[in-house]
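The structure appears right after this line, and notes come after that.
The values are calculated or read from the model by the stated rules, or taken from the named source; none is laboratory data. Remember, predicted model here, so these are calculated numbers, not experimental data. Note that we place each Cβ from the backbone using ideal geometry, even for glycine, and neighbour counts take in every protein chain shown. We work out accessible area using only protein heavy atoms, side chains counted, and drop any ligands, DNA or RNA first. Shrake-Rupley method; radii C 1.70, N 1.55, O 1.52, S 1.80 Å.
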Amino acid sequence: MGKVEVSGGAIRIDGKPVQMISGTIHYFRVHPELWRDRIEKAKMMGLNAIETYLCHNLHEPHKGEFDFSGMLDFERFLDEIHRAGLYAIVRPGPYICAEWENGGLPPWLSVEPGIDFRCSNPAFLEANDRYLNKVLPMVKKHLYTAGGPVVMMQIENEYGSYGKDRNYLEHIRQVYLRNGIDVPLFTSDGPCDWMLHGGTIPECYQTLNFGSRSEEAFRKGREYRPEGPDFCMEFWNGWFDHWGEKHHTRPAKDAAKELDAMLKAGASVNFYVFHGGTNFGFMAGANGNGAEAGDYGPTVTSYDYDAPLSESGDPTPKFFAFQEVIRKYRKDAAFGTPRPGRKQSPGRVKFIESAPLFGQLDRLSARRHALKPLTMEACGQSYGFINYRTVIDGPAEENLYFPEVRDRVSAYLDGEYLGTVYRNDANRRIPFRLKKETAVLDLLVENTGRINYGPLVGRDQKGLPLGVCIGWQSQIEFDIWNLELDDISKVEYGEYRNAKEVPAFHRGYFEAEAGADTFVRIPGVKGVVWINGFNLGRYWNIGPCKTLYVPAPVLKEGRNQIVVLELHQLDVNSVKLTDKPKL
Ligand code: GLA
């Protein structure tokens, strides 16, 4: 029976002190057929451990219904880590931040009666316990103490930057103990007083998250835990991007210097991230705390993070810079030089069919009726789009006014586009004029990602939470379609048509080879792309990323299908598939 403990200022595995040099890979951001490849490459850089969060939101899509299949089969991911001979660090949350939708919390939690988040609230604890009681026995099978790779587990995530309910942290710890988790439990927090004060408990080992000034950070940590050992649980060697921002990069040299300082001082380090992967589908989160108007910032689809291994699994200059540093401290590591993955350029793909969205509503969703526009969460919907339809009768000659938009609404009167309002817009009015007695108003709202950090976590319900007004008058009687778009196979296509401001699915086919990645150049203003039914994620022409990553296992040898849902208008009648990303 193996044993892991934190004692005498060291992490000891079977009694021997181990300096952990670990790297983050989120299984839920990487195609499962590529897990082994990414883990092998981590080993080649010289790492001795892989760290991952677990994502409650995808594992429990509906209350009490669990999913651990395919990309969510984290036990298989842990098996792969074990197979590679590496240790594993698991951080189950339930809150994980991670630029991940709602910080990993399931959206249905938001409408549980009496709910409050990340504290000793009974409704929250009930959900927390149900989830942990499900996943912890699964992780337990993979603990080092049971012959598996998992040597440490985290409680919550950077709790001190959110709250100070230490009874809640202790409650989580007890759930771990009751489930027989017998490896060291730890917390991770920013290296400043209020965060450490709120986020640590004496019974748990304390780790720190930061990207620079490691000496200062560890000194602060030691004020609270004089015995150490020092562990940077999130060494931010790169960073993520929001839509409309410049792509973030961090020079390899600068990050390598910081790494060297930490390893030299004997500290353990986890690269956040070693390999970021992709926010496929609708799973990118957002930042924003409401402190300033318009501070909502949704995260882009790529989670490249300017990491040692790129989004498509290729070694970057950072990989080699870090490897060089690690060589000084791990003589026994199996260093290697990963070969870049194969890429292909299928070229231009012509769209041959289209299906305007408004003609597909009943094929994509049941229709429900409500007095006011219900939020997605109130409808039991998690992601995607929601369409509200009401009949307006005159006289009405005013503005449409949206007191609150989550997150982007386009309005159509009898199918004619009126305008779009984004959550951050200072002016949330759209001028409108009723030309006849009655007209049909459609309000198509996109959830562009729930906030994953700060006081608004869990509270970012999507849709039109305060309804829609004409002038100041609240409108009533809506038909609602919940466009989760998790299955678009029922869409019926007609002839190709790329009309201005008609949201539509467009479909085309292309030949590809097996075993090589490609990238989709974004084809229009804003929308979503599927290849062979796999949702690659959102695109938006404000950038910074101008391509979407298509992992090789999504492609088939021979004929492949591409579907684009474009909300406004395609640029041209085709889309380009290339072998180069543009982030
Ligand atoms: C924090 C969180 C992580 C991630 C990083 C930024 O440290 O703990 O989940 O959000 O910030 O990438």
I'd like to check something: does segment 19-34 contain any residue that is within 14 Å of the ligand (Cβ to nearest atom) and among the hydrophobic types (A, V, I, L, M, F, W, C)? yes
Would you confirm whether any residue within segment 453-472 is within 24 Å of Y539 (Cβ to Cβ) and within 16 Å of the ligand (Cβ to nearest atom)? yes
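With D425, D332 as the choices, which residue is modelled with pLDDT under 95 and outside any strand (DSSP E or B)? So that I can check it myself, show each step before the final result.
Working: D425 fails: modelled with pLDDT under 95.
Just a single option satisfies the conditions, and that option is D332.
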Matching option when the condition is in contact with a Phe, Trp or Tyr (Cβ under 9 Å, 6 or more places away or on another chain) and either free of Cβ contacts under 8 Å to residues at least 12 places away in the same chain or of a type outside the set (K, R) (or both), among A334, A307: A307
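State the number of residues belonging to segment 279-289 that are of a type in the set (A, V, I, L, M, F, W, C) and open to solvent by less than 10 Å² (accessible area, probe 1.4 Å). Steps first, answer last, please.
Filtering segment 279-289 down to residues of a type in the set (A, V, I, L, M, F, W, C) leaves 280, 282-284, 286.
Next cut, open to solvent by less than 10 Å² (accessible area, probe 1.4 Å) only: 284, 286.
Residues flagged as of a type in the set (A, V, I, L, M, F, W, C) and open to solvent by less than 10 Å² (accessible area, probe 1.4 Å) within segment 279-289 amount to 2.
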Sort out which residues of segment 571-583 are open to solvent by 10 Å² or more (accessible area, probe 1.4 Å) and in contact with a strand residue (DSSP E or B) (Cβ under 7 Å, 6 or more places away or on another chain), and write them in order of number. D571, N573, S574, K576, T578, D579, K580, P581, K582, L583
Would it be correct to say that N532 is open to solvent by 10 Å² or more (accessible area, probe 1.4 Å) and in contact (Cβ under 8 Å) with a residue 12 or more places away in the chain? yes
Open to solvent by less than 10 Å² (accessible area, probe 1.4 Å) and farther than 30 Å from L570 by Cα - does that describe any residue in segment 290-305? no
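When segment 437-472 is examined, which residues are found to be part of a loop (DSSP other than H, G, I, E, B), under 29 Å from D414 (Cα atoms) and over 16 Å from the mean Cα position of the chain (by Cα)? Break it down into steps so the answer makes sense when it comes.
Within segment 437-472, the subset part of a loop (DSSP other than H, G, I, E, B) is 437, 447-450, 452-462, 464-468, 471-472.
After this cut, where a residue has to be under 29 Å from D414 (Cα atoms) as well, the list is 437, 447-449, 461-462, 464-468, 471-472.
Within segment 437-472, E437, Q461, K462, L464, P465, L466, G467, V468, G471, W472 meet the criteria.
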Candidates Y205, Y131, filtered to the one that is crowded, with 16+ Cβ neighbours inside 10 Å, away from the ligand (no atom under 16 Å from the Cβ) and either polar (S, T, N, Q) or more than 23 Å from the chain's Cα centre (by Cα) (or both): Y205
Yes or no: segment 491-513 includes at least one residue that is within 16 Å of the ligand (Cβ to nearest atom) and charged (D, E, K, R). no
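Need a quick list: strands (runs of 3 or more DSSP E) entirely within segment 1-70 having at least 1 residues that are open to solvent by 40 Å² or more (accessible area, probe 1.4 Å).
Working: elements: 4-7, 10-13, 21-25, 49-53.
Of the strands (runs of 3 or more DSSP E) lying wholly inside segment 1-70, those with at least 1 residues that are open to solvent by 40 Å² or more (accessible area, probe 1.4 Å) span 4-7, 10-13.
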Subset of segment 348-364, residues under 29 Å from the mean Cα position of the chain (by Cα), closer than 27 Å to T547 by Cβ and surrounded by fewer than 18 Cβ atoms within 10 Å (Cβ to Cβ), comes to P356
Out of the residues in segment 509-523 that are over 18 Å from R342 (Cα atoms) and part of a loop (DSSP other than H, G, I, E, B), which is most open to solvent (accessible area, probe 1.4 Å)? I522
Select from segment 273-308 the residues that are more than 14 Å from the ligand (Cβ to nearest atom), farther than 17 Å from C545 by Cβ and in a strand (DSSP E or B) and list them in ascending order. none
Within segment 330-347, residues surrounded by 15 or more Cβ atoms within 10 Å (Cβ to Cβ) and aliphatic (A, V, I, L, M) come out as A333
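Table: residues versus (1) at pLDDT below 95; (2) under 17 Å from G533 (Cα atoms).
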site: G471; (1), (2): yes, no
site: R497; (1), (2): no, no
site: E501; (1), (2): no, no
site: G508; (1), (2): no, yes
site: E511; (1), (2): no, yes
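Here is a yes/no grid of residues against (1) away from the ligand (no atom under 14 Å from the Cβ); (2) under 29 Å from the mean Cα position of the chain (by Cα):
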{"residue": "S214", "(1), (2)": "yes, yes"}
{"residue": "Y224", "(1), (2)": "yes, no"}
{"residue": "F240", "(1), (2)": "no, yes"}
{"residue": "H247", "(1), (2)": "yes, yes"}
{"residue": "A252", "(1), (2)": "yes, yes"}
{"residue": "E258", "(1), (2)": "yes, yes"}
{"residue": "F271", "(1), (2)": "no, yes"}
Residue satisfying all of: in segment 146-180; in contact with a strand residue (DSSP E or B) (Cβ under 6 Å, 6 or more places away or on another chain) and of a type in the set (A, V, I, L, M, F, W, C); farthest from E5 (Cα to Cα) among these: I155
Collect the residues in segment 81-122 that are β-branched (V, I, T) and either under 28 Å from S302 (Cα atoms) or surrounded by 22 or more Cβ atoms within 10 Å (Cβ to Cβ) (or both), keeping them in residue-number order. I81, I89, V90, I96
Take segment 226-235 and flag every residue that is closer than 24 Å to A88 by Cα and either loosely packed, with under 15 Cβ neighbours inside 10 Å or modelled with pLDDT under 95 (or both). E227, G228
If you check every pair at least six apart or on different chains, which have Cβ atoms under 8 Å apart with a residue in segment 93-107 that is at pLDDT 95 or above first and a residue that is within 12 Å of the ligand (Cβ to nearest atom) and open to solvent by 10 Å² or more (accessible area, probe 1.4 Å) second? Y95/Y162; C97/E158; C97/Y453; E99/F240; G103/C97; G103/Y453; G104/C97
